[in-house]
Amino acid sequence: MKRKSFNSLSTKIVLSIALVSIVITLVIFVVSNKINKEAFHQIEIEKANIIAQTIEPLIALNMYLDMEDKINQITLQLIENPNILAVKVLKNDNIINYVESKEHKEEVGESFVVKRTITQPNSSQATGELVLIYSNKGYKKLISKYTDLTALLILSLVILLALFGIYVKKLLYPLRQISKLLKNYSPNKNIEIPFISQNNEIGLISSALNNMQKKIMQYSKKQENINHYLEEKVNEKTLELRAQLYIDTLTGLPNRFSMFNDIVETDDGALLIINIDDFKEINDFFGHIAGDIVLKKFSNRLKNMFKTNEFAKLKRLSGDEFALLFIQKPPLQEFIKIAHKLINDVEKMIFFNDNNEISIRVTVGGAYQIDGGLEKADIALKSAKKQQKSFLLYDENLNIEGQYKENMEWVKKLKRAIEHDMIVPYYQPIFDNITDKIASFECLVRLIDDEGKVISPYLFLNVAKKSRLYSTLTKIMIEKSCMHFENLEYDFSINLSVEDILNADTVNYIKAKITQYNVTNRIIFEILESDGIENYEEVSIFTQEMKKLGCRIAIDDFGSGYSNFEHMLKLNIDYIKIDGTLIENLDNDISAQIIVETIVDFAKRLNILTVAEFVHSADVYEKVKELNVNRTQGYFLSEPRKSANKE
Amino acid sequence: MKIIALLLFILVNFSYGYTYNKLLLKAQASIFPKIIMLDKKIHDKLIDGEIVYTIVYEKNDYYTALEIGEFMESNYRQNKSKYSYKINLVEFSNFSDETQTTAVYVLNSNKYIKKIAQSATRKGIISFAYDMNNLKQGILFSLMLEKSTVLYLNKENLNTKGIDFVDSLYQIVNFVEKSGS
């Protein structure tokens, strides 16, 4: 921080007074200079006038008495006056006497003339004129003297101010001394402030400071005691909070943070993550209090289970997740054995709540290494859950990390493709089996990568679902497909997942777009049966709304799932697209033929048209026709293409 | 020898009258009337509205007086004055307190000067003398031609009742006291 420059108060006072004095002096000087100069000049004129006035009667008398020699004497006497440069006496406009001094020529330039009428002594009759040429020398001398005096005055003033400044500094010196002393002041230090004995304001300030110092010292001591007390309290609370930070309040087990610390301090350990299967159901069914009781009892039993193992530390990671950290790695076989024993022992555990018996199962993920152990055990746990295994040990060969990375790459690619408008629909024709003509097109999503390659949805659709980009893809497909068929006469179908149908925003978007492009009578929504339609009510509302608008509904991959025919009927569908797995071997697979025949028969009774997908050969195509499937779609007849116009 | 020569000179002078300086006479004739005009109370001294200037002389100085009178009259004619001038010639022996005059000018005399001076003082008449030594006997003014023209004034008789000159006059005169100059 920039230090403020010191501004001496005494200097300020002296400078202020000096400034005011100088200004006043200058003003007085300027004004008096002007007045005095004029006065001096007037004095000189007056002097000249007085001389003329004094001498005029004599000259008048001499003139009257015709004593001109006397006049000459007078004028000669006059000219001896150093200020008179010349004297001229006129009698009836005739010069009767004229004298001038030696300096006349030099000084006549700076002179003035005084004229006086000569009157006869015994009457007021004018008989002549007296002219004096008067030098300004006297005036100049006066001005010079005046200037000298003023300079002397200013010099005296400056000296006085300097002395005054020194005096003020001396007066304020004690304040400086006090401020110097106070610079090093601290409440614990007693400073001897001098000048207390002075019987003036400095003495009063010193005395007041001394009193203040005593009070501050007293207050400081009190404050110190309070601080000491507070510090102790803070320390106590800190310890308490630290304990809370590392201890799970429900089970009393060390928590996740405690485990992080232990992992850091462990060089060669191993880790098991224990997750209670479907614990949510216990909470939902028996209530949270029962859930908490189960968790407490479960943690106690786990504690008891490993209380003899000094290297195994039990932690609670989250609601239904526990960890067993081995700070020293046991042999691998023993490690696996511990995991299995744990699973078996838990299966045998029975918890009681209000006469209800509650049994639990756990899934365990293990990492036989401490470096990245938590993440690895977690991956193993998730893989075990996926594979419906009770225990899985993390294996580098599973390449789970690689899959994660690949998924993340696909998310990036997807985002980039959306950003650069590289998600496009491809159109695959569906042929009428009676006329062999195109009955409609199915719009299939494609991603065009940075190299211009067309990427199949099988590579990115699942990633899109996980990363919540799926609804964006649906919207793009709706917009682009509707726009494409706006001016074409063909019917066209778009795939919708149950997720799309349950998303109100997506549904509103669909309604807006099919209305905007006026394709309500030509669009067919293909709903995937293989998704497992659980929310029949919501799906049914959607299909009814769409049918009101004139749209048609198809069930895609029919036969792949476990669809309830009764529910399917409620959806009031127009098409059934028979699952590809039934079609692809239709020419040879008798069972498939029977199922397809049944589906076709069922559909016909309900006036639902059937479509066979994945028709890849002439034999399959023939069989499809033979089984009276209404329409055919497949590479045998036509691959998906960029435009519906292209034959 | 020198003393004898001096005594002879004095004797001759006594026998055949006084010798006047003509230039001085003319100067006095020119200036003295003007001095009368410098009296601020001149109007009290007028005789029938005129300034009467009386020249007093010894019998043997009659022609000198007459010459002066004529000179003054000719001068007076040239100069325009507020008052008219009248020149009177009176012998010393005939001059008395009854002589009506504004001013008196005395030529040289051995015995009458003091008498006339006293009369002038009594009557408040301005008195002039040819010889400045007469001022010691009480005459008021005289004039000498030295390096320049010098007016002499008898200081003791200045305060004579009825005489009051313009101030400037006092600045140009040389004062003479009875005891000396």
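The values are calculated or read from the model by the stated rules, or taken from the named source; none is laboratory data. Not measured: the values here are computed from a predicted model. Here the Cβ positions follow ideal geometry from the backbone for every residue, glycine too, while neighbour counts run over all protein chains shown.
Some points to look at:
- Test: residue in the stretch A:575-587 that is assigned to a loop (DSSP other than H, G, I, E, B) and on the phi > 0 side of the Ramachandran plot: no
- Of the strands (runs of 3 or more DSSP E) lying entirely inside the stretch B:113-170, those containing at least 2 residues that are out of contact with any Phe, Trp or Tyr (no Cβ under 9 Å at 6 or more places or on another chain) and within 14 Å of chain A (Cβ to nearest Cβ) span B:149-154.
- Residues satisfying the stated conditions in the stretch B:24-67, i.e. in a strand (DSSP E or B) and within 14 Å of chain A (Cβ to nearest Cβ): B:D39, B:I51
- From the list A:N83, A:N36, the lone residue that is away from every other protein chain (no Cβ under 14 Å), touching a strand residue (DSSP E or B) at 6+ places or on another chain (Cβ under 7 Å), surrounded by 16 or more Cβ atoms within 10 Å (Cβ to Cβ) and polar (S, T, N, Q) is A:N83.
- Verdict on A:Q333 being free of Cβ contacts under 8 Å to residues at least 24 places away in the same chain and more than 14 Å from A:I276 (Cα to Cα): yes
- Scanning the stretch A:67-91 for residues that are assigned to a strand (DSSP E or B), closer than 20 Å to A:A126 by Cβ and either outside the structural domain of A:K141 (by TED's automatic domain parsing) or of a type outside the set (V, I, T) (or both) returns A:K88, A:L90, A:K91.
- Screening B:Y76 with (1) part of a helix (DSSP H, G or I); (2) touching a Gly at 6+ places or on another chain (Cβ under 7 Å); (3) within 19 Å of B:D48 (Cα to Cα) gives one miss only, at (2).
- Restricting the stretch A:121-145 to residues that are hydroxyl-bearing (S, T, Y) and surrounded by fewer than 17 Cβ atoms within 10 Å (Cβ to Cβ), the residue that is nearest to A:K88 (Cα to Cα) is A:S124.
- Per the conditions (1) crowded, with 20+ Cβ neighbours inside 10 Å; (2) within 23 Å of A:A367 (Cβ to Cβ), the sole criterion not satisfied by A:F311 is (1).
- A single member of A:I59, A:I118 is crowded, with 19+ Cβ neighbours inside 10 Å, within 12 Å of chain B (Cβ to nearest Cβ), touching a residue at least 24 places away in the same chain (Cβ under 8 Å) and not in a helix (DSSP H, G or I), and it is A:I118.
- Qualifying position, being among the basic types (K, R), modelled with pLDDT of 90 or more and more than 60 Å from the chain's Cα centre (by Cα), among A:K115, A:K70: A:K115
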